[in-house]
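One structure is given below, encoded as structure tokens.
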Amino acid sequence: MEVFKAIKERRSVRNYKPEPVPKEDLTKILDAGRWAPSSGNTQPLELVVVEDQDTKDRLANAARGQRFVSQAPVVLVVCANVPRTTQRYGDRGRDLYIIQDTAAAVQNMNLMAYALGYATCWVGSFRDREVESIIDAPDYVKALAILPIGKPEKIPEAPPKRDLEEIIHRNGFSETRS
């Protein structure tokens, strides 16, 4: 699949068919996350693959009741091993780079899932400590995203996007637009 096509056509889907995600496809999705860039190649990414229904239900509750999370056949909890990055970058690594690094991994996995015919929804609204408890994360691991994966029941329309010229600032913000 052509990359820009995947970028433009991928949608956040909140309804999934119950069919399982074959191991080969799941491995490709997870590997796409592994190949994301990370600050200084620190690779803080940790992935928890959840297929157990009770655990998915608990994650949906921790995600502020977003029930669609538990309806996907597979749910990933995307985490960062915080010391891997803070050892090299200190506070900036802890406060920013782990977020950037895991976000790059989530986007890679979103696009790979789409290319394979699956749907995802990047979930960032959840109670961190509750999710970390559910997955039994060690103290040094921070949960940063939840990613349900499955075949879509229906695909929503594209949301409106700001015009490209509206978001581009050449040489800084001080230049006026005409």
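The values are calculated or read from the model by the stated rules, or taken from the named source; none is laboratory data. All values reported here derive from a predicted model rather than from experimental measurement. Cβ coordinates were reconstructed from backbone atoms using ideal geometry, including for glycine residues, and neighbour counts include every protein chain displayed.
Regarding Thr55, is this residue polar (S, T, N, Q), closer than 22 Å to Asp101 by Cα and part of a helix (DSSP H, G or I)? No.
Identify the single condition in (1) assigned to a loop (DSSP other than H, G, I, E, B); (2) touching a Gly at 6+ places or on another chain (Cβ under 6 Å) that Ser125 does not satisfy, given that it satisfies every other one. Exception for Ser125: condition (2).
Residue count for region 17-48, restricted to those that are surrounded by fewer than 20 Cβ atoms within 10 Å (Cβ to Cβ) and over 19 Å from Ile99 (Cα atoms): 10.
Taking first residues from region 110-130 that are closer than 19 Å to Pro73 by Cβ and partners that are of a type in the set (Phe, Trp, Tyr), the Cβ contacts under 7 Å between residues at least 6 apart in sequence or on separate chains come to Asn110/Trp122; Ala119/Tyr16; Cys121/Phe68. Taking (1) more than 22 Å from Lys56 (Cα to Cα); (2) touching a Gly at 6+ places or on another chain (Cβ under 8 Å); (3) not basic (Lys, Arg) in turn, Met109 satisfies each apart from (1).
Residues checked against (1) in a loop (DSSP other than H, G, I, E, B); (2) surrounded by fewer than 22 Cβ atoms within 10 Å (Cβ to Cβ); (3) modelled with pLDDT under 95:
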| position | (1), (2), (3) |
| --- | --- |
| Thr85 | no, no, no |
| Tyr89 | no, yes, no |
| Thr102 | no, no, no |
| Asn108 | no, yes, no |
| Pro138 | yes, yes, no |
| Leu144 | no, no, no |
| Leu147 | no, no, no |
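For the structure I just gave you, tell me whether Phe173 is assigned to a loop (DSSP other than H, G, I, E, B), surrounded by 10 or more Cβ atoms within 10 Å (Cβ to Cβ) and not polar (S, T, N, Q). No, not satisfied.
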